[in-house]
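Remarks on the structure that follows.
Every number in this text was worked out from the coordinates using simple rules, so none of it is lab data. Keep in mind it's a predicted model, so treat the numbers as computed, not measured. Heads up, the Cβs are rebuilt from the backbone with ideal geometry, glycines too, and the neighbour counts pull from every protein chain shown.
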Amino acid sequence: MWAKIKRYQDRLNTETDPNIVKDIKAIISGMSNFFIRSRKFNQVANQRLKDHCSGCAYFITDPVEDEKVKDKDIPGLSGKICSLCGCTSSYKLRQSIKKCEFWK
């Protein structure tokens, strides 16, 4: 699990495009909060799921079986992705660097 974060950190160190840098930082933040089971960001993610994502047309089941993430803290996020941006929902909802355009 931490190996994935390390790969993103290595990419972050070589990336020059500011938009991609922001994307990578958001992914690292969300993954870190997921893996350390941050209570604060679990609450944030649960609220975002209830208020925004659960009824969103872009909130879908990941079609790639091997890429599905099992979320023990928020089962409603297990195996879900955002088809608009392609992010794993368990990570995206646990970060605040790059918020979804539909979160109010």
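Here are a few things to note about the model shown:
- Between Ser54 and Glu15, the contour length at 0.36 nm per residue exceeds the alpha carbon distance by 10.7 nm.
- In angstrom, the C-alpha Rg and Dmax of the chain are 13.1, 37.
- Within the straight-line cut-off of under 15 Å between alpha carbons, the aspartates and glutamates reachable from Lys50 are Asp73, sequence neighbours fewer than 8 places apart in one chain being disregarded.
- Estimated [θ] at 222 nm from DSSP helical runs (n ≥ 4, -39500 (n - 2.57)) normalised by residues in the chain, nearest 500: -13000 deg cm²/dmol
- Among Phe34, Phe41, a tally of other beta-carbon atoms within 10 Å of each Cβ gives an order, fewest to most, of Phe41, Phe34.
- By the count of neighbouring beta-carbon atoms within 10 Å, fewest first, Asp66, Asp17 end up ordered Asp66, Asp17.
- Taking a straight Cα-Cα cut-off under 20 Å and skipping sequence neighbours fewer than 8 places away in the same chain, the lysines within cross-link reach of Lys6 are Lys22, Lys25, Lys68, Lys92, Lys98.
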